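The values are calculated or read from the model by the stated rules, or taken from the named source; none is laboratory data. Keep in mind the model is a prediction, meaning the values are calculated, not measured. Glycine gets a Cβ as well: all are built from the backbone with ideal geometry, and neighbour counts include every protein chain shown. Side chains included, ligands, DNA and RNA excluded: accessible areas come from the protein's heavy atoms. Shrake-Rupley method; radii C 1.70, N 1.55, O 1.52, S 1.80 Å.
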Amino acid sequence: MAKIKKQPRPKAETPKGFRDYFGGEVTQRADMLRAIAEVYHRYGFDALESSAVETVEALGKFLPDVDRPNVGVFAWQEEDEGDWLALRYDLTAPLARVYAQHRNDLPTPYRRYAMGPVWRNEKPGPGRYRQFYQCDADTVGTASMAADAEICAMLADTLEAVGIARGDYIVRINNRKVLNGVMEVAGVLDHSHPGKFEAERGIVLRAIDKLDRLGPDGVAALLGEGRKDESGDFTKGAGLSAAQAGVVMGFIEARRETGAATVARLRDLVQNSEIGRQGVDELEEIAALLAAAGYGPDRIVIDPSVVRGLGYYTGPVYEAELTFEIFDEKGRKRRFGSVAGGGRYDDLVKRFTGQEVPATGISIGVDRLLAALREKGRIATQERGPVVVTVMDRDRMADYQAMVAELRNAGIRSEVYLGNPRNFGNQLKYADRRASPAAVIEGGEEKARGVVQIKDLILGAQIAESATLEEWKERPSQIEVPRDQLVASLREMLDRHDGYRD
């Protein structure tokens, strides 16, 4: 008789490109999202929670060809009807579908914010995951530049609300139409033949996006014949003439001390380009609206070097950059960089309705913003755990449960030790592993006298590290209090430790 082959045990590992989030991380993210939601709500935006699954047809811009409709997304085909479904790639495409589907029941304009995970079927890398959180806010149904100005102001207020101080960030604004005007003046955009010079324009966009890393000389080389890097690798350029490249470089370097001066310089660059003049007018209006609302160049600036997503957006684009320095994995100083991006996209809803529906919005990278807050020390690296009520006598579990209920009713995060109570040292080790601020002890002798012991685990750890014998005597890490004073005494102890959260 053949021997039955045992099924191998499944590997206990997360799929490639995914990760698990534990208690403190989840709580920190929830706290940050709550602070962001408060700002959005104050601006009059309503929450929207759309389906995590969309038809691939609704995610149309990610459909590369008929035979492989799941490239870039996690997709599958329904057995019965043959429809392709996919996990949402971002929060914007679902908004377009929702607005097109429910537009008769929604106000116009419709302001919404959404928070949640998105999934991308892309090659993972260091710090690059296939599932991550986004936090979006959009206004659909108005072409007014006031909507764009409002989004930028709200983004600045949001960064400050979560703990990014003024001076540690800047919101930068550009306009796709201005760049199109510059391209037209430079001779690499012909509106009568949109596909003409498409490859050259793509190289120009990528070159401008590398300004921070390559500097003006490196960008200029890519606008011309090409650039050879330090390793000797050659990157082919856009092949622009010196005069053409000069027009583009003038656009990149057009930022001046004030928004008005920047706008004036851009107006010179776009010359007689109609689309370029429209873009400059829009930037001028946004700058005036923001100035009137008190958002100066210390918070929001007009910056023509912003090009991220210009292939997707139809008008103003914005980016929030954190300006403080951090050390990279090689110990080198660098700016933290971008944590949010957005802009105006007037063509997305049109796919569903056949009519152009103006829209503008912003998306915050939640994980990057959390990392920034940790870098600035705005978030504790370890969250305090619950107070642990130890078990000295397993036959008195009802007493301990009554005690922990009393603490919880008073708003103190707490739990009863539910492991084997035989070894008291293990209970304290458990409390340490939970990052507990305190442990409550009530044995038979304490019960008979009507008292409890409260062990200050935070102070105990501090004393063990550095305190002298005299300090130990002055600040005992364990105190005895009457049983009816447990809540008051414990709260007083916890209040002495900054950063403790119930």
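This table checks each residue for (1) at pLDDT below 95; (2) in a helix (DSSP H, G or I); (3) surrounded by 16 or more Cβ atoms within 10 Å (Cβ to Cβ); (4) among the hydrophobic types (A, V, I, L, M, F, W, C).
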| position | (1), (2), (3), (4) |
| --- | --- |
| Arg408 | no, yes, no, no |
| Glu415 | no, no, yes, no |
| Gly419 | yes, no, no, no |
| Arg422 | yes, no, no, no |
| Gly425 | yes, yes, no, no |
| Leu459 | yes, yes, yes, yes |
| Glu465 | yes, yes, no, no |
| Gln485 | no, yes, no, no |
| Glu492 | yes, yes, no, no |
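Taking Lys228 and the conditions (1) among the basic types (Lys, Arg); (2) surrounded by fewer than 19 Cβ atoms within 10 Å (Cβ to Cβ); (3) within 34 Å of the chain's Cα centre (by Cα), which numbered condition does it fall short on, given that it satisfies the others?
Condition (3) is where Lys228 drops out.
Check Ala340 against each of (1) modelled with pLDDT of 85 or more; (2) surrounded by fewer than 18 Cβ atoms within 10 Å (Cβ to Cβ) and name the one condition it does not meet.
(2)
Tell me which of these Trp76 doesn't satisfy, since it passes every other one: (1) over 25 Å from the mean Cα position of the chain (by Cα); (2) at pLDDT 95 or above; (3) among the aromatic types (Phe, Trp, Tyr).
Looking at each condition in turn, Trp76 falls short on (2).
Does region 33-46 contain at least one residue that is modelled with pLDDT under 90 and charged (D, E, K, R)?
Within region 33-46, the subset modelled with pLDDT under 90 is none.
No, the conditions are met nowhere in region 33-46.
Tell me the residue from Thr360, Thr353, Thr323 that is crowded, with 20+ Cβ neighbours inside 10 Å and of a type in the set (S, T, N, Q), please. Let's see the steps before the verdict.
Values: Thr353 fails: crowded, with 20+ Cβ neighbours inside 10 Å; Thr323 fails: crowded, with 20+ Cβ neighbours inside 10 Å.
Exactly one of Thr360, Thr353, Thr323 is crowded, with 20+ Cβ neighbours inside 10 Å and of a type in the set (S, T, N, Q), namely Thr360.
For region 425-449, give me the residue count where each residue is over 17 Å from Val404 (Cα atoms) and charged (D, E, K, R).
5
Let's see how each residue does on (1) out of contact with any Phe, Trp or Tyr (no Cβ under 7 Å at 6 or more places or on another chain); (2) of a type in the set (S, T, N, Q):
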site: Asn272; (1), (2): yes, yes
site: Arg277; (1), (2): yes, no
site: Asp281; (1), (2): yes, no
site: Ala292; (1), (2): yes, no
site: Gly296; (1), (2): yes, no
site: Arg299; (1), (2): yes, no
site: Ile302; (1), (2): yes, no
site: Val307; (1), (2): yes, no
site: Tyr312; (1), (2): no, no
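How many residues, within region 384-406, are under 18 Å from Pro437 (Cα atoms) and open to solvent by 10 Å² or more (accessible area, probe 1.4 Å)?
3
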